[in-house]
Structure formats: C-alpha cells, structure tokens
1. How do the strands (runs of 3 or more DSSP E) wholly within region 1-89 filter down when requiring 1 or more residues that are among the polar types (S, T, N, Q): which remain?
2. Can you tell me which residue among Arg118, Arg51 is basic (Lys, Arg) and at pLDDT below 85?
3. For residues that are within 20 Å of Gly15 (Cα to Cα), touching a Ser or Thr at 6+ places or on another chain (Cβ under 8 Å) and surrounded by fewer than 19 Cβ atoms within 10 Å (Cβ to Cβ), tally how many sit in region 61-98.
Amino acid sequence: MTQYGFFFDQSRCTGCQTCSVACKNCHELPPGPLKYLRIYQYEKGSFPDVRLHTQWVPCYHCEKPACVDTCVGSARMFGDMDNPEDPVTQLVMSGVARPLMPHIGTKPNVYYIDDLKRRG
C-alpha cells in the first residue's frame, strides 16, 4: 500500500482560505461551519517585531486532495513517500520538513517547514 505524505511550507501560505473552500466543495459539505480543513493565523513577537504565522490543519484522509491543486501560493505538496524520486520524499529525507503530530499516526503523514528552518 502506498504511503502518502503532505508537505506544507508556511512561508508560502497567504492565508487566503482557497484550500479550505476547495476541500469543502470537493466533499460536498453543506453551508455552515463544518469543514475538514482549517487555517489558523496567529501573531508571534512583540511590537515592532511582530509576524503573522499561518497554521494549516488538514483532514488527513484524502488520496487526491483538492487543497493541493487550488493553493495559490504553492504552499502544499502531496506525494508518494515510497518513491525516493518524489519531491515530498526528498524534502522529508533532507531533514528540512518536520512531521505533524507523529504520535497519533496520521496517514497520510503531514510535514511542515517554516521559513526560519529553511533559512537555516
């Protein structure tokens, strides 16, 4: 069975919610607050050095996620973790990406990279 993986680059996410709308539409969820994918924004730092961060909380269950194809900032990637040539696998193996909540056994696995780790 193929092991899928999500990759999220926080530095590319604009917080536009397009992925959340695409997910809701793809799964034909009714109007209202119910949604599988959530985007949270929070501030870090103190004035004058304040930054807005975006946290992506995906559903963990799609094999062909609509959120990846609709992301305007190319912040999301989805790939085959069993294929060493897959870009997601290469990012994970490089150590740049970190898993999201590995203790709960998410499948597909979700990996995050923040802009600070990328810059070194």
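The values are calculated or read from the model by the stated rules, or taken from the named source; none is laboratory data. As the structure is a prediction and not an experimental result, all values here were calculated from the model. Glycine also receives a Cβ, built like all others from the backbone with ideal geometry; neighbour counts cover every protein chain displayed.
1. The qualifying strands (runs of 3 or more DSSP E) are 38-46, 49-57.
2. Exactly one residue qualifies, and that residue is Arg118.
3. Residues flagged as within 20 Å of Gly15 (Cα to Cα), touching a Ser or Thr at 6+ places or on another chain (Cβ under 8 Å) and surrounded by fewer than 19 Cβ atoms within 10 Å (Cβ to Cβ) within region 61-98 amount to 3.
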